[in-house]
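Please read the structure below before turning to the comments.
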Amino acid sequence: MYIVPSRFAGLSLVAVTWVALSGCKAKETGATADTTSAAMSPAPADTSAASQSAAAPATTALTDANIVALLDEANMADSALGASALPKATSASVKSFARLMMGEHHALRVMGQDLAKKQSITPQLPTDDPFTKAVQDEQAALDAAPKGHAFDSTYIDHEIGIHQAVMGWAGTAEAQAQNQALKDLIKAAGPILQKHLDRAQAAQKELAK
């Protein structure tokens, strides 16, 4: 799931990663927000409005420099969005999810930045960045939603869509990556992203009751 929210339309969510490996200084506040992204395997399609506004994968072939930049962007965005959502979230499950996004996407971002440094890959965002619009759209939706059930639902719906988009993008990114360590990082992020999607879907079901 800075992949800023079209419902993470470009993304990054994608992603969006989705969704640029930059210095990561924020930590979970239990974590200061940072939105970082890690890649995953493709997720099943979602027909919800939030998911459909979440950006289709970029069609241009990606270089390793593009991939590390988008991963950084996506992770930074999801971490930051979690921090932005936390003050207005009211459901215990949504608060817990927001903290999870802050902490684990920050950690994924650090891993990506370390890999880029060790492999001498200089991040470079592609001209058709799939995450920026999506992250901007999600942030705008969170700013507009009133605190309470409406806000919690808005945040979770967007997070489901963006994580699905990023997972789909990650599958393409893994296939196009030339550096084996980068491929391995994307693959390792898959289970983490799937866990995030599962948690978001569980929260969505709880909110629907």
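Couple of notes before you dig in:
- Restricting attention to region 172-201, the residues that are surrounded by 13 or more Cβ atoms within 10 Å (Cβ to Cβ) and over 25 Å from Leu115 (Cβ atoms) add up to 3.
- Thr127 meets each of the listed conditions (1) modelled with pLDDT under 95; (2) surrounded by fewer than 24 Cβ atoms within 10 Å (Cβ to Cβ); (3) more than 14 Å from Leu70 (Cα to Cα) apart from (3).
- Test result for Ser93, crowded, with 19+ Cβ neighbours inside 10 Å, among the hydroxyl-bearing types (Ser, Thr, Tyr) and modelled with pLDDT of 95 or more: no
- Among the residues of region 152-209, those that are closer than 22 Å to Ala134 by Cβ and among the charged types (D, E, K, R) comprise Asp152, Asp157, Glu159, Glu174, Lys195, Asp198, Arg199.
- Picking from residues in region 116-168 that are out of contact with any helix residue (DSSP H, G or I) (no Cβ under 9 Å at 6 or more places or on another chain) and assigned to a loop (DSSP other than H, G, I, E, B), the one that is farthest from Gln201 (Cα to Cα) is Ser120.
- Members of region 108-126 found to be over 19 Å from the mean Cα position of the chain (by Cα) and among the hydrophobic types (A, V, I, L, M, F, W, C), listed by number: Ile121
The values are calculated or read from the model by the stated rules, or taken from the named source; none is laboratory data. Note that the structure is a prediction, hence the values are computed from the model and not measured. Reconstructed Cβ throughout: ideal geometry from the backbone, glycine too, with neighbour counts over all protein chains shown.
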